[in-house]
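All remarks here apply to the structure that follows.
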Amino acid sequence: MDKNINFPHLGIYLDHVGKNISIFGFEIAFYGITIAVAMLAGLWIAMRVAKKTGQDPDDYFNLGMLAIVCALLGARIYYVVFEWENYRNNLLEIFNLRGGGLAIYGGVIGGVLAAWGFSRVKKLNFWQLADTASVGLVLGQIIGRWGNFFNREAFGGYTDGLFAMQLPLNAVYSWDVTPEMLEHLQTIGGVQYIQAHPTFLYESLWNVGVLLLLLLYTKHKKFHGEIFLLYLLGYGMGRAWIEGMRTDQLLIPGTALPVSQILAIVLVVISAVMIAVKRKKAENAESTGNVCE
């Protein structure tokens with residue numbers, strides 16, 4: 001497998017981007033390292049936000065340990081369910097996380113269920129937990145998307161735009177390559193390259209904006225849960241757009257509809273309506289001297 005990754009219009013040529021690192025003869029995937037760093041960073045910022053908002057950071061450390069496990073399970077289950085044809089005859093492959101195959105929305109679902117259960121046991125406000133945890137979640141997504149970079153996956157269709165990314169044809173999955181990419185194959189130094197949208201990069205950069213929005217908006221929130229809903233709204237808008245570019249979409253069985261794109265659109269609509277309704281209710285309560293959360 002050739003290991004080059006190029007961004008020709010940006011003048012970036014990376015000659016040796018490996019998928020693994022060897023430590024004492026044991027191969028560790030950069031994908032896994034990236035996900036681990038993403039989780040730790042997300043936990044760190046959530047604990048920082050908790051401290052600044054008068055909450056107990058230890059609650060978020062404990063929640064983080066639980067949520068990480070549930071999010072990984074949720075992300076894998078979501079992916080396997082919508083890629084079942086690739087696993088039904090090889091069930092042991094379900095447990096091979098080193099090759100990728102984690103769906104973010106599945107991770108969000110798993111994490112939310114963990115937070116709900118944790119809030120019930122600890123008698124904490126679930127929506128306040130969700131607000132704080134969503135900041136950590138989106139930071140984790142910013143970093144975690146780079147695991148797709150090392151795995152040469154989660155890219156879009158052919159483009160010759162500014163951010164066009166070149167990948168060796170022998171380094172990507174054949175089912176992720178479109179006819180248009182094959183029509184525009186480039187041979188450089190004897191190596192055939194496809195050219196594609198780096199959608200993992202688009203999503204990572206989009207989420208930087210979402211993170212800044214959440215951090216700046218926190219002091220203006222009117223009710224517990226508003227930051228979490230704003231995350232679902234902001235992330236969903238970007239995901240609905242970016243998902244439409246990707247060549248590795250998970251489809252609703254029996255249709256040509258990308259499940260994550262449909263889910264993103266639904267969550268955007270629901271979140272926007274809930275924010276509008278609950279903010280109005282909170283503002284009315286403030287005007288009458290009542291407290292609304």
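Rule-based calculations on the coordinates, nothing more; no lab input. Bear in mind that the values here come from a model prediction, so they are computed numbers and not experimental data. So basically every Cβ, Gly included, is an ideal-geometry build from the backbone, and we count neighbours across all protein chains shown.
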Taking the Cα centre of region 5-219 as origin, work out the dipole magnitude from +1 charges on Lys and Arg Cβ and -1 charges on Asp and Glu Cβ, in debye rounded to 20. 900 debye
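How do Asp160, Asp2, Asp56, Asp176 rank when sorted from fewest to most other Cβ atoms within 10 Å of their own Cβ?
Listed from fewest to most nearby Cβ atoms, that is Asp160, Asp56, Asp2, Asp176.
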Determine, from the Cβ-Cβ distance of His9 and Trp44 and an R0 of 35 Å, the FRET efficiency 1/(1 + (r/R0)^6), rounded to the nearest 0.05. 0.50
Expected sort for 79-88, 146-155, 132-141 on mean C-beta neighbours within 10 Å, highest first, is 132-141, 146-155, 79-88
With r defined as the distance between the Cβ atoms of Glu183 and Leu92 and R0 fixed at 35 Å, what FRET efficiency is calculated, to the nearest 0.05? 0.40
Which three lengths, in whole Å and largest first, does the chain cover when its Cα atoms are put on their principal axes? 73, 42, 41
Can you spot the lysines whose alpha carbon is less than 27 Å from Lys219's alpha carbon? Ignore those fewer than 8 places along the same chain. Lys51, Lys52, Lys122, Lys123, Lys278, Lys280, Lys281
